Every structure is written in structure tokens, then in C-alpha cells.
Amino acid sequence: MGPNFKWESFKVWGEKERIEFVNYCQSMLEKFQGTSLTSGSEPKDLNFVLYELCKSCVNGDISIETTVSALNEILSLHPEIPSLIADILCVLDIETQSSELGQQNRKIQNRVLDVILESFECKPNYSNYFCQLLHSYFWIFRHNKSARIDGAQLYIKQLNSLSTNPANTDSNKDSPKTDSKIEFEDNQKLGLLAALIDIGDWEHAHQLIGCFPNYYATSHSFIAKKLCSLIHILIDDFYKKHSFTPHVKASPTYRSSSDGKIIRLSRYWMNSKSEVPEYGLSAISNVMDECLLPSLSLLEGNCCIAEDVWSLLKLFPYQSRYTFYYNWKTTTNASHPMLIKVKGKLSHSNPGYIFDYILSQIQTWDNLIVPVIDSLKYLTSVSYDVLACCVIEALGNSAKERMKHDGTSISLWLSSLANFGGAVFKKYPIDISGLLQHVANQLIAGKSLDLLILKEVVQKMAGIEASEEMTAEQLEAMTGGELLRSEGGYFNQMRNVKKSSQRLKESLLDQDLAIPLCLLMAQQRNCILYHESDNSHVKLVGKLYDQCQDTLVQYGSFLANNLNMEDYANRLPPVSALMTEYSIQTDVAFYLSRPSLNHILNSKFEELRKQDKSMKTLTTPQSTKKYIEVALIL
């Protein structure tokens, strides 16, 4: 046996390793016959071997009987061996007691820090010394990460294993919640952050929050509660002045009450400004995008808070609102993974996901349209607005084919979605501005398939039907006035369309799309014939042309029946400009201008009747002759 001994032998201790250990000790002790073990450097190796053997026994790697048997064999080799083993056992005893003491009294380390900080508080003029001392203290402070690392390694092993036992699958179980109190005691940085928030030092607290990963600090409930308390204190004076319920005692809860105060103050500030500054609009937008909408997802179907959020959201244009909704559905849930696990009334708290699913089902099964529309009557205002955004997003889905495989007809999912959109916009008070702008954008891009949704919207909301095949009686009814056309000119009798047609008219006028949509449809007729006919089937081209023509006539009838004629005449360009500047064919130009021309003739004729009292006694043929004379003069 040579002078070297394999230290790995203690891990796989057996009879062979015991013999090697005894032989190694004999070879080492032969050099010290008649001399003391304390002289020279050779005993250090022997001391280390004996120490490792005893330590392996204490740790349980080697049994006590085996260790005692090996030590008994070397006791007679040198008279100082017993005292050497006794010293080694004393060292191990001290190490074991120190380890147990450290496990049981982990707060002693924090006590050292408390003493240092108290001394620093008494002697602030020695700041350089204490800063260096604290820096050194944190460097020697060791965290026990072995349990966390072991758990991570076990989790990786579980990911790579496949179990068919349902009891072992935990995909549907929520992960155990971390004990915030224990983490607060172990994490001194979170404790410092909580103390800064308690004393109102937001500047330094904000800097410390920036040092953590995104949303880490605010994901702890005690930090979130302290932030809410700080917000209450900061806005309390301003809120008391402008609160609509100044005499009602504030609720002790901290989640929804903070949202309500922020929403009402933001709404008051935006309403009190004739022109909202850019910095204020940006700040309120960030609060809405980062805090208010994500917090709405955490509430269990609080429709009151949803209505409060809508009272602030409706002050923004629909472009900003739809951006908020898109972030609410995508980036917000990626930033806050906990939101995905929240359960409750999704239509109130997180409507984006449920509407995406509903629309996907409607596009597949059109018989679900009627029951789904009936089930939407209990939605909040913000949910209705999110629904409009989801419909536009579904219409603009480029991943789905808009034509059938034969390339001669429109896909069923688009027809079902258009039918659903027209019905839901008619029945519920939903802002339709975004959808109208979407149709206009598609027409500008030379795409006429989305005219189908406009056709359904006008038919459902205004009660004006675009009939492809009409009977002789219907054609005769169409020569009459508005009432006769609505009663006898259409196959389906539309009822209760007064409010919905008024909403459609207001949306068109607010977005200044009433006349531009007409002109775009008139231009699209030529585009279908001379641009799409090259690459499309002739059956499809004919269908698209008929759809564009029917929608143009339907939409023109809606404008003529619902718009004020003076407003209509002022908005519509002259006939000559329509044909020259806008490249609109003659028949369409006169069709669009005919209501305004009739209004001008009727106004002039009524003016002459008021001036000439003798015209009141004229017979019907005479009145007709006079009307023709007025028309020729104009």
C-alpha cells in the first residue's frame, strides 16, 4: 500500500476499503516509531484521513460498528492515536453544535444587522465606515439555496417523465402559494421597501422597485397593501373635494376602492379640461393600460367597477380603447401570469378571452347566433365595447381564407360573423365607429368582401333590405314614399329600428364617414370589374359586383331617409365634381345627388307658394306644371 489513500473510499465503504484504510495508517505510523505525531508534516495527512472517517460516520455514510472496528485496529499502532482520535471527535462535536445552533437561531444574523444599523443611527457622521461595514456584512451573508436548487432539479426530472396515473398529474391544480410572511422575513430588500412606503418615501421606494424584476415587488400582498394605503393618503385631500359621495365613510377594503378613486379623479380631471394636455393623457393612459384593466381581471365579476372603468374609457377615442383591449388580452396576461388562473364571471372581469371563444364557435356553427345574442343582455358597457373590438379583430384575421376552396363564393365563417355583427349591433348599444372605419379601410385597400358586414349592419339597424330579386308588387311599392317602401318593398318587416338607425347615423357623422363610404363603394364598383376580374373567377366577380351595387343602393337609401337634407347637400360634392374628381359613373353620381336636388326643388317650390298666395288655389295639374317651371329655372 502506497502513501496515498483514495478519499472516495469513504463514500463506498466496504471490507476492501477498511483493509486499505488500516494498511494506509500502518504505513504512515511506521515513520513515527519512537517519535511524537506532532512533529513534521506527515501527520497532517493521517489526521485528515481520521477526520474524514469520523465525519462520514457522523453524517451516516458509514455505520458506527464499522467505524469503531476500523479505529480499534489502529489504536495499538502508536501510543498517541487515542488522544488524536479524541481531539478529532471534539472538533466534530463543536462543528455539529454550531451547525444546529445556526439552524435553530437564524435570526441571530439579522440581530447583528440590527446592531450595526442602530449604531449607524447614533453615529451618522461615520457614514463611510458603516457603508463599508454593511457592504462586507452582505458579502459574508450566505443564503441557504440548497433546498431551492434541489426542488428545481426535481421539477426538471418530472418534466422529462411521463406518468399515466391521473393522481400524479397536477396540470389542473394551482401551484401552492408562497408564504409572504416567511419571504418577507428572509428578504431584507422587501422589508426595506415596505419601510420606505410606510414613511411615504416614494422616490427611493420607486428606485428600489426598479431594481427588482418587473412586477416582482408588487406581486407580494403586503407590498401591494402598503402601496394602496400610500395611494389613499396621497389622493385623499383631492378626492374629498371632488368625490360624488363626500359624506359616505370609505370602505376598509384596499383593492377595488383604490381603483374607484383613481377612476373618478381621472374622469373629473379630463372633464374639467377643455383641452386635455398631452402629458396628462399619457399618464392616464398608462394607468389604464398597466393598472386598471389588469386589476379588473382580478376582481370576481365586479360589474360596478367595470361601469366605472367604462365611464373613464369612453372619454378616449376608439383607437385608444382598442389598443387598451389588445394589450389587456395579450401583453397584460403575459406580464401577470396569475391573471390566467383567475376564475369568475369572465364577461365582467376578462371579456376578451370569452368573446374570442364565442366568436370562434359562431363562425363554425351559425345556429348559435340567436341564443348567444340573447345571452349577452347582461354585459357591462366595457364588455360591449370589447365585443366590438373582438368582432373587428376576427374580421381582420389574415390567417383564415375568406373564399371557399372553389374560389367562387364567400366563406361561411365570414357570412356568419357578418350576420352576428349586424344583429348584435342592432340589439345592444355598442359603439360601431371602429367597425365602420374598418370597412372604409378595406375599401381604400381595394377589398370589397367586408361590404358584407356593412350590408348586414344597415339591414338590421336601419331596416333597409337589399333585395336581389323583387316581385312586381315590391317594385311598385318602391316607387312610393318611405312608409310604403318599408311596408311593401322588403321581404322582412323590420320593427323597432328607430333608435338603432339613429345610433348608426350618429356614428357615421361623428367619424365623418357618411359620404366617404358612399364614394368608396361607388369607386369599388369599377375596381371590381377592371382589377379583380383578371385573377378571379367570373362567378365571383359577378357576385362581388352585385353585392357592392346592392350595398350602395341600400346605404344610399339609408342616408336619404335619415340624414338632414341640408346637411346631406352640404357634405356631398356637386355632380360635376363626383364625375371628374372622384371618377364616379354618371348613374351613381345622379343617384347620390338626387335626394339633395329634390330637397332644393321642394324648398324653392314651398318658398314660392308662401310668397304667392294664389298658388294655394291651384289644382293638381297646375301645381305640377308650376313645379316643372321651377325645376327648369333652377
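The values are calculated or read from the model by the stated rules, or taken from the named source; none is laboratory data. Since the structure is predicted, the reported quantities are computational estimates derived from the model, not experimental observations. Glycine also receives a Cβ, built like all others from the backbone with ideal geometry; neighbour counts cover every protein chain displayed.
A few notes on this one:
- Lys225 vs. criteria surrounded by 14 or more Cβ atoms within 10 Å (Cβ to Cβ) and at pLDDT 65 or above: yes
- Only a single item in (1) modelled with pLDDT under 80; (2) under 20 Å from Ile19 (Cα atoms); (3) not aliphatic (A, V, I, L, M) is not met by Gly34, and it is number (2).
- Selection count where residues are over 15 Å from Thr551 (Cα atoms) and at pLDDT 90 or above, scope the range 514-535: 0
- Conditions (1) modelled with pLDDT of 85 or more; (2) touching a Cys at 6+ places or on another chain (Cβ under 9 Å): number failed by Gly352: (1)
- Hits in the range 537-565 - residues which are closer than 17 Å to Asp512 by Cβ and either in contact with a Leu (Cβ under 6 Å, 6 or more places away or on another chain) or in contact (Cβ under 8 Å) with a residue 12 or more places away in the chain (or both): Tyr555, Phe558, Leu559, Asn562, Leu563
- Residue check, Pro595 modelled with pLDDT of 80 or more, surrounded by 12 or more Cβ atoms within 10 Å (Cβ to Cβ) and in a helix (DSSP H, G or I): yes
- Restricting Leu77, Leu134 to those that are in a loop (DSSP other than H, G, I, E, B), surrounded by 10 or more Cβ atoms within 10 Å (Cβ to Cβ) and modelled with pLDDT under 80 reduces the list to Leu77.
- Applying the criterion of being of a type in the set (S, T, N, Q) and in a helix (DSSP H, G or I) to the residues of the range 350-379, the residue that is nearest to Thr330 (Cα to Cα) is Ser360.
- Options Val391, Val382; residue that is closer than 26 Å to Phe316 by Cβ, assigned to a helix (DSSP H, G or I), β-branched (Val, Ile, Thr) and in contact (Cβ under 8 Å) with a residue 60 or more places away in the chain: Val382
- The selection criterion, being surrounded by fewer than 14 Cβ atoms within 10 Å (Cβ to Cβ) and modelled with pLDDT of 80 or more, holds for Asp198.
- Verdict on Ile209 being at pLDDT below 80, of a type outside the set (Gly, Ala, Ser) and assigned to a helix (DSSP H, G or I): no
One line per residue, one yes/no per condition, for (1) among the hydroxyl-bearing types (Ser, Thr, Tyr); (2) closer than 20 Å to Gln26 by Cα:
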| residue | (1), (2) |
| --- | --- |
| Ser56 | yes, no |
| Thr67 | yes, yes |
| Leu71 | no, yes |
| Leu84 | no, yes |
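- Here is the figure for the range 401-428: residues that are closer than 22 Å to Thr323 by Cβ and in contact (Cβ under 8 Å) with a residue 60 or more places away in the chain total 1.
- Counted residues, the range 563-581 - those being in a helix (DSSP H, G or I), crowded, with 19+ Cβ neighbours inside 10 Å and not aromatic (Phe, Trp, Tyr): 1
- Selection status of Gln437, touching a Phe, Trp or Tyr at 6+ places or on another chain (Cβ under 9 Å), assigned to a helix (DSSP H, G or I) and more than 22 Å from Ser501 (Cα to Cα): no
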